[in-house]
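> Here's a structure for you.
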Amino acid sequence: MRDPNQGHEWFWRLVAVLLLAALAWVGWVIYQVQPRRIATDLGIAAGESARRAAPRAVAEKKPVAAEPSVTPPVSATEPAAGLKLAQSIQTPIPETRPEPEKVPAVVPEKPVVREPPPLARAEPPKPKPSQKAASMPRVEKHELTPAPSQRVEGEFRRAAAFLQQGRVSDAEARFAAAITLDPRYEQARQALAAMLIEQRRLDEARNLLQTGLTVNPQQQQFAVALARIDMQRGDYSSALEVLNRSRAGVLPSPESDAVLGSVLSRLGRDREAVDAYRAALGAAPDKGGTWLGLALSLENLGRRNEAADAYRRALATGTLTADVKQYAEQKVRQLR
């Protein structure tokens with residue numbers, strides 16, 4: 001028969017094994033739950049040095065005022081004075097603390113001893129100005145003003161700048177101001193006259209040029225421009241008179257000779273016109289318009305061969321417009 005005590009023994013052995021396993025599992029879980037301390041040698045050394053330096057830093061720490069930081073200006077419109085003032089502050093402004101009130105100490109009074117008033121010192125007599133110093137003229141200070149020539153040139157430069165910007169009315173006003181300051185300033189008068197002629201304001205341009213010729217009767221550029229205006233108005237006699245006055249006693253310019261030849265030709269004086277044209281071409285042979293005027297005067301005089309040659313010379317310059325070029329080619333074919 002089987003012993004009943006033997007079965008109980010195996011039961012208790014199994015219970016003991018299960019308890020040991022349970023205890024082992026609980027211990028492993030507790031071990032896993034606890035925080036681990038993993039550090040390298042470098043981390044441990046850093047921590048130790050930080051702990052040693054902390055008390056020392058606390059002991060040596062003193063209140064230090066923060067230095068002001070200079071920030072650059074936010075925009076270009078910030079005043080320059082404010083920027084300079086900010087840059088000039090290099091140290092913080094010390095704070096002012098209220099001082100404790102001082103109790104005045106009791107001091108025994110001393111007898112007041114009145115001293116006699118000090119004697120007035122006699123001032124030495126002022127030296128009288130010498131006769132030489134009295135005779136010297138007194139120099140008065142005057143404010144420096146720009147010379148008239150500088151003012152005129154300034155007005156002319158402003159007018160030229162306005163003209164380049166397309167501000168015609170402003171340029172006209174500045175040219176007129178320059179002429180008012182100095183009527184002999186010919187550059188401003190010439191520029192203003194050109195503006196008026198371009199705007200077809202011929203009466204104003206004529207008056208301006210006439211005034212310039214009154215200041216300088218031998219100004220040939222003004223005379224040529226005025227003569228052209230008179231020719232456009234059909235007043236050839238006035239144009240001839242203007243040119244002759246400006247040419248008296250001076251060497252005529254090629255332009256003046258060419259305009260004179262055109263005026264003489266319109267007046268029917270072609271022989272004199274040929275001489276004026278030839279004089280102009282002697283100094284400026286590349287002017288196609290002058291060769292064309294010479295050809296017309298020669299043709300009026302019946303000098304066909306010379307006229308045809310003048311037409312060919314005009315074509316050779318390459319300066320004629322399309323219509324004038326076509327006219328000159330037709331004349332060359334007709335005069336063969």
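The values are calculated or read from the model by the stated rules, or taken from the named source; none is laboratory data. Not measured: the values here are computed from a predicted model. Cβ: placed from backbone, ideal geometry, glycine included. Neighbour counts: every protein chain shown. For accessibility, only protein heavy atoms count, side chains too; no ligands or nucleic acids. Shrake-Rupley method; radii C 1.70, N 1.55, O 1.52, S 1.80 Å.
> Which one of G261, G234 is over 37 Å from the mean Cα position of the chain (by Cα) and at positive phi?
G234
> Here's a follow-up. For segment 237-249, which residues satisfy the criterion of being on the phi < 0 side of the Ramachandran plot and either surrounded by 14 or more Cβ atoms within 10 Å (Cβ to Cβ) or not hydroxyl-bearing (S, T, Y) (or both)?
S238, A239, L240, E241, V242, L243, N244, R245, S246, R247, A248
> Being free of Cβ contacts under 8 Å to residues at least 12 places away in the same chain and part of a helix (DSSP H, G or I) is the filter; apply it to segment 195-227 and report the residue that is nearest to the chain's Cα centre (by Cα).
The qualifying residue nearest to the chain's Cα centre (by Cα) is E198.
> Sticking with this structure for a sec: Considering every residue within segment 293-306, establish whether at least one is assigned to a helix (DSSP H, G or I) and under 44 Å from the mean Cα position of the chain (by Cα).
no
> Go through segment 250-263 residue by residue and tally those that are open to solvent by 50 Å² or more (accessible area, probe 1.4 Å) and in contact (Cβ under 8 Å) with a residue 12 or more places away in the chain.
At the first step, the residues of segment 250-263 found to be open to solvent by 50 Å² or more (accessible area, probe 1.4 Å) are 251, 254-255.
Those left that are additionally in contact (Cβ under 8 Å) with a residue 12 or more places away in the chain: 254-255.
The qualifying residues number 2.
> Across segment 149-194, what is the total count of residues that are assigned to a loop (DSSP other than H, G, I, E, B) and crowded, with 17+ Cβ neighbours inside 10 Å?
2
> Follow-up question, since we're still on this one. Suppose we filter R271, R266, R336, R304 for residues that are open to solvent by 80 Å² or more (accessible area, probe 1.4 Å) and in contact with a Phe, Trp or Tyr (Cβ under 9 Å, 6 or more places away or on another chain); which single one remains? First the steps, then the outcome.
Working: R271 fails: in contact with a Phe, Trp or Tyr (Cβ under 9 Å, 6 or more places away or on another chain); R336 fails: in contact with a Phe, Trp or Tyr (Cβ under 9 Å, 6 or more places away or on another chain); R304 fails: in contact with a Phe, Trp or Tyr (Cβ under 9 Å, 6 or more places away or on another chain).
So the residue among R271, R266, R336, R304 that is open to solvent by 80 Å² or more (accessible area, probe 1.4 Å) and in contact with a Phe, Trp or Tyr (Cβ under 9 Å, 6 or more places away or on another chain) is R266.
> Considering only residues that are in contact (Cβ under 8 Å) with a residue 12 or more places away in the chain, among the basic types (K, R) and under 19 Å from V274 (Cα atoms), which ones fall in segment 302-336?
R304, R312, R313, K331
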